[in-house]
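J.: My questions will all concern the structure given below.
The values are calculated or read from the model by the stated rules, or taken from the named source; none is laboratory data. For clarity, every value in this text was computed on a predicted model and none was experimentally measured. Virtual Cβ from ideal backbone geometry, glycine too; neighbours counted across all protein chains shown. With ligands, DNA and RNA removed, areas are computed over all heavy atoms of the protein, side chains included. Shrake-Rupley method; radii C 1.70, N 1.55, O 1.52, S 1.80 Å.
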Amino acid sequence: MPYRIGVLALQGDFKEHIQCLNQLKVYTEEIRTPEQVKKLDGLIIPGGESTTISKLIKIFNFEKVIYDHALEKKALWGTCAGMIILAKTLTEINPKPLGLLDIKVSRNWYGRQIDSFEKDINIVGLNKPFRAVFIRAPVIQKVGKNVRILGEENGYPIAVRSDNILATSFHPELTGDLRIHDMFVNMIDEKYIKK
Ligand code: GLN
């Protein structure tokens, strides 16, 4: 497949995403410079520490290329800290999110690292539950009208999609189940089929 999917490699678990994408046989690269983003069909912002990733996005001038990527309707996916960064608003003061996805997010909803857990979640579009890994995970408090909820945990949305943007508060890159990565690749297909 000719698609080029990049994983922002400033901090966090980008290597695990790369491994998943390699298994799907798409062209994948670790993204360390804004120039690289311009050539991508899809971009993933991984889990990690959202204030750190956010600072690095600013320091290394990624803001504009990520905005442009989203505005060109190219596929964009944030997992956990990545979801926090894509959000329109947060219930916390830091970090300042990019505001690309119309959701309001609360960080560290389930408590500390020790309160991390796994749970089978029904995800719209998948025929069997997905084993979701929550690590100091955020939840979504509010979604805008163009945001589709794909999955919930205890009444809170934890997987959503709005047009070309996907967000999950858990870590699909850690389970060996490639179905959500596959869903992301299909989002790129949709863009080219629409054209
Ligand atoms: N709690 C982290 C944050 O707020 C996110 C955790 C994660 O990405 N696993 O940045």
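J.: When you check Gly176 against the structure, is it away from the ligand (no atom under 16 Å from the Cβ), under 19 Å from Leu101 (Cβ atoms) and either at pLDDT 95 or above or surrounded by fewer than 16 Cβ atoms within 10 Å (Cβ to Cβ) (or both), yes or no?
T.: Judged against the criteria, Gly176 is not a match.
J.: Return the residues of region 37-52 that are within 12 Å of the ligand (Cβ to nearest atom) and among the hydrophobic types (A, V, I, L, M, F, W, C); say none if nothing qualifies.
T.: The answer is Ile45, and nothing else.
J.: Only one of these conditions is not met by Asn154: (1) on the phi > 0 side of the Ramachandran plot; (2) surrounded by 14 or more Cβ atoms within 10 Å (Cβ to Cβ); (3) out of contact with any Lys or Arg (no Cβ under 8 Å at 6 or more places or on another chain). Which number is it?
T.: The one condition Asn154 does not meet is (2).
J.: Return yes or no: is Lys104 within 16 Å of the ligand (Cβ to nearest atom), in contact with a Ser or Thr (Cβ under 8 Å, 6 or more places away or on another chain) and more than 17 Å from Ser169 (Cα to Cα)?
T.: For Lys104, the condition - within 16 Å of the ligand (Cβ to nearest atom), in contact with a Ser or Thr (Cβ under 8 Å, 6 or more places away or on another chain) and more than 17 Å from Ser169 (Cα to Cα) - is not met.
J.: Ok, one more. For residues that are loosely packed, with under 14 Cβ neighbours inside 10 Å and assigned to a loop (DSSP other than H, G, I, E, B), scanning just region 1-31, find the one that is farthest from the ligand (Cβ to nearest atom).
T.: That would be Pro2.
J.: Going residue by residue through region 57-65, is there one that turns out to be farther than 24 Å from Leu174 by Cα and open to solvent by less than 50 Å² (accessible area, probe 1.4 Å)?
T.: yes
J.: Something else: May I ask you to verify whether Thr91 is within 11 Å of the ligand (Cβ to nearest atom) and touching a Ser or Thr at 6+ places or on another chain (Cβ under 9 Å)?
T.: Working: within 11 Å of the ligand (Cβ to nearest atom): no; touching a Ser or Thr at 6+ places or on another chain (Cβ under 9 Å): yes.
Considered against the rule, which asks whether it is within 11 Å of the ligand (Cβ to nearest atom) and touching a Ser or Thr at 6+ places or on another chain (Cβ under 9 Å), Thr91 comes out as no.
J.: Can you name the condition, by its number, that Gln141 falls short on among (1) buried (at least 20 other Cβ atoms within 10 Å of the Cβ); (2) under 19 Å from Asp102 (Cα atoms); (3) within 16 Å of the ligand (Cβ to nearest atom); (4) not hydroxyl-bearing (Ser, Thr, Tyr)?
T.: Evaluating Gln141 over (1) buried (at least 20 other Cβ atoms within 10 Å of the Cβ); (2) under 19 Å from Asp102 (Cα atoms); (3) within 16 Å of the ligand (Cβ to nearest atom); (4) not hydroxyl-bearing (Ser, Thr, Tyr) leaves (1) as the failure.
J.: Now, a different point. How about region 32-51: which of its residues are within 16 Å of the chain's Cα centre (by Cα) and in a helix (DSSP H, G or I)?
T.: Correct list: Val37, Ser50, Thr51.
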